[in-house]
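K.L.:
Take this structure first; my questions come after.
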Amino acid sequence: MSMTIRAQAVEPFEPPAPVPRTMPPSRLEIIRTVLRNPLELWGTPSYTLPYIDTKFFGSRTLIVNHPGLIRHVLVDNVANYRMAVVRQLILRPILRDGLLTAEGEVWKRSRKAISPVFTPRHAKGFANQMLAKSMEFVERYSAAAQTSFETDISADMTDLTFEILSETLFSGEIVSDSNDMSGDVDRLLHAMGRVDPMDLLQAPSWVPRLTRIGGTRVLEKFRKIVLDTMEKRRARMHTEPNLVPQDFLTLLLQLSGAGGLSDDEIEDNILTFIGAGHETTARALAWTLYCVANVPDFRMAMEGEIDRVIASGAEPVQWLDQMPHVRAAFEEAMRLYPPAPSINREAIRDDVWMAPDGDRVDIPAGMTVLVMPWTLHRHETLWDRPRAYMPQRFLPENRDRIDRYQYLPFGAGPRICIGAIFAMQEAVIALAVLMQRYRFDVTAESHPWPVQKLTTQPRDRLPMLVSARAH
Ligand code: HEM
């Protein structure tokens, strides 16, 4: 008897995510979900329609997934949009006039003043420090075990990116007596950076947010760390001006005074860069290692690429260009788990957008506009197999099929992430160093459930098995 063996099509890996709702939630359910995990709120229309004009806690809200309309709001008519009230109610008490939360003239002046540190040439100058810190980090892995061990990748990546940020922007001179600074930052953001029922009611900022009371003490502690760091560096700038590191901290302090930044603004920006500059990258790195562990063929291609490029003696500053598989794995992880899942704006004056098919979209003054990488990156009309992890989409030969405004991990327009190149380079260097020495596998306990706090992060720990690679 002859038997036909049919090749089994291998289904691409679909990592965990909430299934779109098919029924609109009740008002109570909306409140509960927004407070617990907004990612679980969105229904099928949010993943299939180009835009939805809806009401959210009494305010007219436009959910936007159409790349043309996104471009209109974030770029072409950007002057008509400011940061949405709810976003500011959450973030401004922590970051005040730091770049992420500043508006108007303060934002313009600060962005211009800070930009020189983040030009592509300057950001690339950090490559060697990023390499050194990543290598120090893997040495700790080798000290922990020679062969294989289990670790919480989510916490590990937070430590690694904090160390890189602290070394590159502050030359390792953040003044803290805590030996768990990245844990403290984590606690600060989690205590303070979440939606409170008072935010949903858009109560003014002086109305106490009970869910954040615990965070106020942590915030005071942080402000003290920032002030001590500024004071210590100022003293050094005075006593040994020729030996002072020419880093972000020195640059900020030199901006002090006329036409530059006030002392309060400098303080707010130090806190902003500590906050915005590491947790985002950490989350994306952890999701990348988790997703890659589930696509062994692609992982092998990455390992081959990493080994080849490092053996060739290429400088770390070239790795971002020379490791397209590593870069693609990271970009695809940010598609499915965008570290910043929602970019929220509010119309200042009435606005109109005409869709290419002739549809007219009215955006009245005061309307909230939600550009959500979370739904945009999983949109059924924009992506093939939207829920599947397929890093091939981001390889150079396929990359130009992705519209500039359908993939927005770093936002777009004048308020695009100032640290985007920094983060991309950091991610590729960190992944290359980690994966050259170790292989990361899932364990029976690796079931990360994505939740939206400030970032898209696993709800609990993300345990993975780390094994030394044979060379
Ligand atoms: C994978 C890592 C990162 C992601 C996904 C990310 C994402 C974003 C996004 C989406 C925005 C725009 C927000 C909006 O328009 O409302 C933003 C802004 C910002 N990001 Fe990042 N970010 C990352 C890493 C970094 C790093 C490493 C730094 C600093 C070293 C940084 C500093 C900032 C700052 C200061 C802003 C505010 C810019 C402005 O409004 O002018 N980010 N980021």
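The values are calculated or read from the model by the stated rules, or taken from the named source; none is laboratory data. Keep in mind that what you see is a predicted model, and the values were worked out from it rather than measured. Cβ: placed from backbone, ideal geometry, glycine included. Neighbour counts: every protein chain shown. Protein only, heavy atoms only, side chains kept; ligands, DNA and RNA dropped before computing areas. Shrake-Rupley method; radii C 1.70, N 1.55, O 1.52, S 1.80 Å.
K.L.:
Pairs of alpha-carbon atoms within less than 8 angstrom and 6+ residues apart define the contacts here; what relative contact order does the chain have, in percent? Provide the component values of the computation, followed by the final result.
P.N.:
Working: 681 pairs, mean separation 126.1, N = 471.
Dividing the mean separation by the residue count of the chain yields 27 percent.
K.L.:
Then there's this: Counting pairs of Cα atoms in the stretch 2-468, how many percent are more than 40 Å apart?
P.N.:
Within the stretch 2-468, distances greater than 40 Å cover 20 percent of Cα pairs.
K.L.:
Give the separation of the Cα centroids, the stretch 128-161 to the stretch 13-42, in Å.
P.N.:
Result: 34 Å between the Cα centres.
K.L.:
In Å², and per residue, what accessible area does the chain have when probed at 1.4 Å with the other protein chains present?
P.N.:
Result: 45 Å² of accessible area for each residue.
K.L.:
Once you place label points 7 Å from the Cα toward the Cβ at Gln146 and Arg399, how far apart are they in nm?
P.N.:
If labels sit at Gln146 and Arg399, their model points lie 4.2 nm apart.
K.L.:
For the chain, list the DSSP H helices whose alpha carbon atoms reach 30 Å or more along the long axis and whose average Kyte-Doolittle value is 0.5 or above?
P.N.:
Helix filter hits for the chain: none.
K.L.:
Counting pairs of alpha carbon atoms under 8 Å apart in space and at least six apart in sequence, what relative contact order in percent does the stretch 274-333 give?
P.N.:
Relative contact order of the stretch 274-333: 43 percent.
K.L.:
May I pose another question? Reachable lysines from Lys112, Cα under 30 Å, same-chain residues fewer than 8 places away excluded?
P.N.:
Correct list for Lys112: Lys124, Lys133, Lys221, Lys224, Lys232, Lys453.
K.L.:
For the chain, what does -39500 (n - 2.57) per DSSP helix run (n ≥ 4), summed and divided by total residues, give at 222 nm, in deg cm²/dmol to the nearest 500? Mind dumping the intermediate values first?
P.N.:
On the way: 20 runs with 223 residues, N = 471.
Helix-only estimate at 222 nm: -14500 deg cm²/dmol.
K.L.:
Short version: what are the Cα gyration tensor semi-axes of the stretch 255-319, square root of 5 times each eigenvalue, largest first, in whole Å?
P.N.:
On the way: eigenvalues 312, 66, 6 Å².
After scaling each eigenvalue by five and taking roots: 39, 18, 6 Å.
K.L.:
Return P(r) of the stretch 1-152 (all Cα-Cα pairs; 10 Å bins starting at 0; whole %; ordered from short to long distances).
P.N.:
Pairs per bin, as whole percents: 7, 18, 22, 25, 19, 6, 2, 1, 0.
K.L.:
Using only the Cα atoms, work out Rg/Rh for the stretch 345-452, with Rh taken as the Kirkwood radius, to two decimals.
P.N.:
Taking Rg over the Kirkwood Rh, I get 1.05.
K.L.:
First compute the accessible area of the chain with a 1.4 Å probe, then give the percent of it belonging to carbon and sulfur atoms.
P.N.:
The computed percentage sits at 55.
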